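The structure under discussion appears below in the form of structure tokens.
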Amino acid sequence: MPESEQLLALYREMLIIRYTEEQLARSHQMGLIHGACHTYVGEEAIATGVCAHLRPDDAVFSTHRGHGHALAKGVSPHEVIAELFGRSTGCSEGRGGSMHLFKPEVGMMGTSGIVGPCILQATGAGYSFKLLKSDQIGVAFFGDGAVNNGAFHEGLNLASIWKLPTLFVCENNMYATEVPFAYSAGNPHVGNRGPAYGMESVTVDGNDVLAVCEAAGEAVQRARGGEGPTLIECRTYRTRAHAEGMRDAGYRTPEEVEAWKARDPITRYNGWLLENEEAGPETLAAIEAEVKEMVADAEEFARNSPWPEADTVSEHVFSQR
Amino acid sequence: MRELTFVEATLEALDSAMARDPSIFVVGEGIGERGGNFNTTVGLYDKYGPERLCDTPISERGFVGMCAGAAMTGTRPVVDFMFFDFILDAFGELVNQIAKMQYMSSGRLKMPILLRGAIGIGHSAATHHSGSYYPIFAHLPGFRVVVPSVPSDAKGLFATALQSDDPVLFLEHKSLLFNRGEVPEGEYTIPFGQARVAREGTDCTLVAIGSMVDKTLAACERLAEEGISCEVIDPRTIAPLDMETVLASVHKTGRLLIVDETFQPCGVGAEISAQVIDRGFDDLDAPIRRLNGAHVPTPYSPTLEEAIVPEAAEIEQSIRDLLAE
Ligand SMILES: Cc1ncc(C[n+]2csc(CCOP(=O)(O)OP(=O)(O)O)c2C)c(N)n1
Ligand SMILES: [Mg+2]
């Protein structure tokens, strides 16, 4: 069980993600975000619980739904929102947008517009760290959709045969866009696939930040200790549409969405903190107010930030050494 | 004549071909009940059912390789990638298997597979959702590469693709998909390798591809007000490439500019230039010019994105420069 201070840090981190995502959704509706925007609302406990164990020099590789991973890994809401606004102050200087968020300085090795590569790249980070005899680790976050991609099979097998320090974190939210995992996977369980690769694996409630935190803690310890990779399946749900502005009907029932909203990871954790007297309502309210203000400030910062200069467009195709 | 979008036009061609030929089936992500991310298969699931409108997992290499096997054994797969960028995960299957199968089997096997997807830069789609890549495929023996610029061509070329025994890449620019244009009723085909002269003129020849055709026509419209007469050729298919129409036009005008959103190095413009120099050198009154998108991965921010795509004003300036040579 984490210390009191860490317990509150988890709460704060989830709120940073939630409020940032809600801000991005509003900004998208207002036309301030020009490209795609896949929010992480409902899944905050996963990035929060895993990244709680990571150091800035651990390497995270993410997906198209990656704002939460970036924020939990230490990219500020200012840099994330500015990036989605296409401004030069964004974490990718406006070159990337939502699906190309990079901040290697804190180990955020990129969100991705292509499903799958994060699994292989996190495997490669594991290879580097093993070769360098460092205790850093590589972490891949990916959706249930990626589990059916060849990259999953190949990445997990490679990490297993070489006992690489890599975490494979599957965010199983039951759908890939509108396609149910139950339709697209012959084996509808992800967490029981580890043994097929000779790898530890575990399934957790992805809407329970403490459960995620505990499972990730064990996996991180295993990886840092040279005992090889772990596959963690986090059962969760996205409560907004696949992407902002997309229809969200016809493939799942309103009842299902409501049932999962009732299991909201933040509300649940708020209740847990109060019930177990880890924090009083004033403490939690103060955290909420502080994060709200930070995100509002971040939005203002992003909105007032300059656009990238057109004449910089050809920079960074190659190294500038 | 009635007007349809690109998407409606190809859907009409697909629907009538599927009604006639039970060996045609479509695979892709969200192409079943959902009707496709870009509405490319709307209504077909209800008509033809889940076996012929097959929703796939996110397994591009898997389903492309699978469709190669299907095409070798009596069916006609249509692979719908939504964004063409996703085809790259299947590159090995395409280059080593699909493109070469007929040759390797000394013509005894056919490879009737149609691969379609949305290409091109726009709407801050950023670099994993903006690729075109057709010069890469045109470089390889064995592929037919189609890049239509108006809905009526899209319908006729798609119908041809559905009857072809060769692998066909059918690539539509995202910014065109929901543009309307006149489209004839009923079934018709347009042969591959036959360019369309989109505008006749005498002062210079412009070859424009895909989304560049409309922009080039807009530039010509402005120049026409000053009495400058430009001819615009839309090749429609990059492989095979109709060089006869280009050569005949250059013979008339003596000047050539190629306008293409994709990268310049080793691109379609380079190929056209080389062939014109080879076969029409004496017709040229000026150096051949190319206008392309910048040779960079596609940036996200609108200010950067705008900077890399040729616009009508830039095309107009390039034509003026060419005429001043
Ligand atoms: C290789 C590839 N194929 C298809 C897509 C289009 N696509 C984007 S997100 C998505 C669904 C992903 O589902 P999942 O992995 O479960 O993540 P979720 O959106 O549920 O978080 C698809 C098919 C893509 N980005 N990359
Ligand atoms: Mg999913």
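The values are calculated or read from the model by the stated rules, or taken from the named source; none is laboratory data. Here the structure is a predicted model, which means the values were calculated and not measured. Here Cβ is always computed from backbone atoms with ideal geometry, including for glycine, and neighbour counts include all displayed protein chains. Protein only, heavy atoms only, side chains kept; ligands, DNA and RNA dropped before computing areas. Shrake-Rupley method; radii C 1.70, N 1.55, O 1.52, S 1.80 Å.
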Amide H contacts under 5 Å for B:I233, placed H, 5+ residues apart: B:A198, B:L206, B:V207, B:A208
Computed label-point distance, nm, for sites B:D46 and A:A196 using a 7 Å Cα→Cβ extension: 3.7
Once the Cα gyration tensor of the stretch A:4-303 is diagonalised, what are the square roots of 5 times its eigenvalues, in whole Å and ordered largest first, as equivalent ellipsoid semi-axes? 27, 21, 21
When the C-alpha atoms of the stretch A:77-135 are aligned to their principal axes, what extent does each axis show, in angstrom, from largest down? 39, 23, 15
Take every Cα pair under 8 Å in chain A that's 6+ residues apart, average their separations, divide by the length, and report that relative contact order as a whole percent. 22
Treating the angle as unsigned and between 0 and 90°, give the value, to the nearest 10°, between the Cα long axis of helix B:268-280 and the longest Cα principal axis of chain B. 60
Mind giving me the FRET efficiency for A:A296 and A:M246? R0 is 35 Å, r the Cβ-Cβ distance, nearest 0.05 is fine. 0.85
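May I ask for the longest run of chain B untouched by chymotrypsin sites (Phe, Trp or Tyr not before Pro) that are loop-located per DSSP and have at most 13 neighbouring C-beta atoms (other than their own) within 10 Å?
Numbers: sites that count: B:F178, B:Y188.
Here the longest segment lacking exposed loop sites spans B:1-177.
Carbon-plus-sulfur fraction of the accessible area of chain B, 1.4 Å probe, in percent? Intermediate values should be presented prior to the final figure.
Details: 6450 of 12460 Å².
Answer for chain B: carbon and sulfur cover 52 percent of the accessible area.
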Need the list of lysines near B:K155 for cross-linking: C-alpha distance under 24 angstrom, and skip anything on the same chain fewer than eight residues off. B:K47, B:K110, B:K174, B:K215
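Relative contact order (percent) for the stretch A:187-321, with alpha-carbon contacts under 8 angstrom and 6 or more residues of separation? It would help to have the intermediate numbers written out before the result.
Numbers: 87 pairs, mean separation 24.1, N = 135.
Computed over the stretch A:187-321, the figure is 18 percent.
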Give me P(r) over the stretch B:3-182, computed from all C-alpha to C-alpha distances, binned every 10 Å, as integer percentages. 10, 41, 39, 10, 0
Directionally averaged shadow of chain B, computed from the convex hull of its alpha-carbon atoms, nm²: 16.5
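Where only protein heavy atoms count, and the probe is 1.4 Å, what is the accessible area per residue for the stretch B:278-325 in Å²? List each step's numbers first, then the result.
Numbers: 2380 Å² over 48 residues.
On a per-residue basis, the stretch B:278-325 sits at 49 Å².
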So which residues of the stretch B:127-166 lose at least 10 Å² of accessible area, probe 1.4 Å, when you go from the chain by itself to every protein chain present? B:T127, B:H128, B:H129
Separation of alpha-carbon centers, the stretch A:150-183 and the stretch A:46-80, rounded to whole Å: 18
Pick from B:R76, B:R52, B:R222 the residue whose mean-square fluctuation is largest in a GNM of chain B, springs joining Cα atoms under 10 Å. B:R222
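Tally Lys/Arg at +1 and Asp/Glu at -1 over every other residue whose Cβ is under 15 Å from the Cβ of A:E309; what's the total? Kindly include the intermediate steps, with their values, before the conclusion.
Numbers: positive: A:R87, A:R95; negative: A:E93, A:D311, A:E315, B:E305, B:E306.
Neighbourhood net charge equals -3.
Based on the alpha carbons, how large is the Rg to Rh ratio for the protein assembly as shown when Rh follows Kirkwood?
Taking Rg over the Kirkwood Rh, I get 1.01.
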Pick from A:D58, A:D144, A:D205: which is most flexible by mean-square fluctuation in a GNM of chain A where alpha carbon atoms under 10 Å apart are linked? A:D205
In whole Hz, what ³J(HN,Hα) sequence does the stretch A:57-65 give by Karplus (6.51, -1.76, 1.60; θ = phi - 60°), x for Gly and Pro? 8, 7, 10, 9, 10, 10, 10, 6, 10
Taking GluC sites (Glu not before Pro) in a DSSP loop with at most 11 other Cβ atoms within 10 angstrom as exposed, one finds the longest site-free stretch of chain A at A:4-276
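Student exercise: in chain A, how many lysine pairs 8 or more apart or on different chains have Cα atoms under 20 Å apart?
Going through chain A pair by pair, I get 4.
For the stretch A:55-139, which trypsin sites (Lys or Arg not before Pro) are both in a DSSP coil and crowded by at most 13 other Cβ atoms within 10 Å?
On the way: sites: A:R65, A:K73, A:R87, A:R95, A:K130, A:K133; in loops: A:R65, A:K73, A:R87, A:R95, A:K133.
In loop regions of the stretch A:55-139 (DSSP not H, G, I, E or B), the sparsely surrounded trypsin sites (Lys or Arg not before Pro) are A:K133.
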Residues of the stretch B:133-157 with backbone nitrogen within less than 13 Å of a virtual label 7 Å along the Cα-to-Cβ line of B:Q194, please, listed as ranges. B:153, B:156-157
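Under the definition of partner shielding as Cβ atoms of other protein chains within 10 Å of a residue Cβ, what is the mean value for peptide B:300-313? Please list the in-between numbers first.
Details: counts 17, 18, 6, 11, 13, 7, 2, 7, 3, 0, 0, 0, 0, 0.
Average neighbour count from other chains, rounded to a whole number: 6.
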Distance histogram in 10 Å bins (all Cα pairs of the stretch B:104-236, percent per bin): 11, 36, 33, 16, 3, 1
What is the average number of partner chain Cβ atoms found within 10 Å of a Cβ in A:108-120? 3
Among all cysteines in chain B, which have no other cysteine Cβ under 4.7 Å from their own Cβ? B:C54, B:C67, B:C204, B:C266
Among the stretch B:172-205, those whose backbone N falls under 14 Å of a label point 7 Å along Cα→Cβ from B:S229 are B:199-205
Förster-model FRET efficiency, 56 Å R0, B:E244 and A:L274, C-beta, rounded to 0.05: 0.10
Label point 7 Å beyond Cα of B:S23 along Cβ direction - residues of the stretch B:49-92 with amide nitrogen under 20 Å: B:49, B:51-54, B:64-80
Estimated buried accessible area (total), pair A and B, 1.4 Å, Å² to nearest 100: 2400
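Check each of the GluC sites (Glu not before Pro) in the stretch B:149-217 and keep only those in coil by DSSP with at most 12 other C-beta atoms within 10 angstrom; list them in order. Working shown, then result.
On the way: sites: B:E172, B:E182, B:E185, B:E187, B:E200; in loops: B:E185, B:E187, B:E200.
Answer in residue order: B:E185, B:E200.
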So what's the angle, to the nearest 10 degrees on a 0 to 90 scale, between helix B:243-253 and the longest Cα principal axis of chain B? 20
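Take every residue in peptide A:174-181, count the Cβ atoms of other chains within 10 Å of its Cβ, and give the average of those counts. The partial results should precede the final answer.
Details: counts 0, 0, 5, 6, 7, 9, 1, 1.
Mean inter-chain Cβ contacts per residue within 10 Å come to 4.
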Which of B:A219, B:A19, B:A159 moves most in a GNM of chain B, Cα contacts under 10 Å? B:A19
Helical contribution to [θ] at 222 nm, DSSP H n ≥ 4, -39,500 (n - 2.57), averaged over the protein assembly as shown, rounded to 500: -12000 deg cm²/dmol
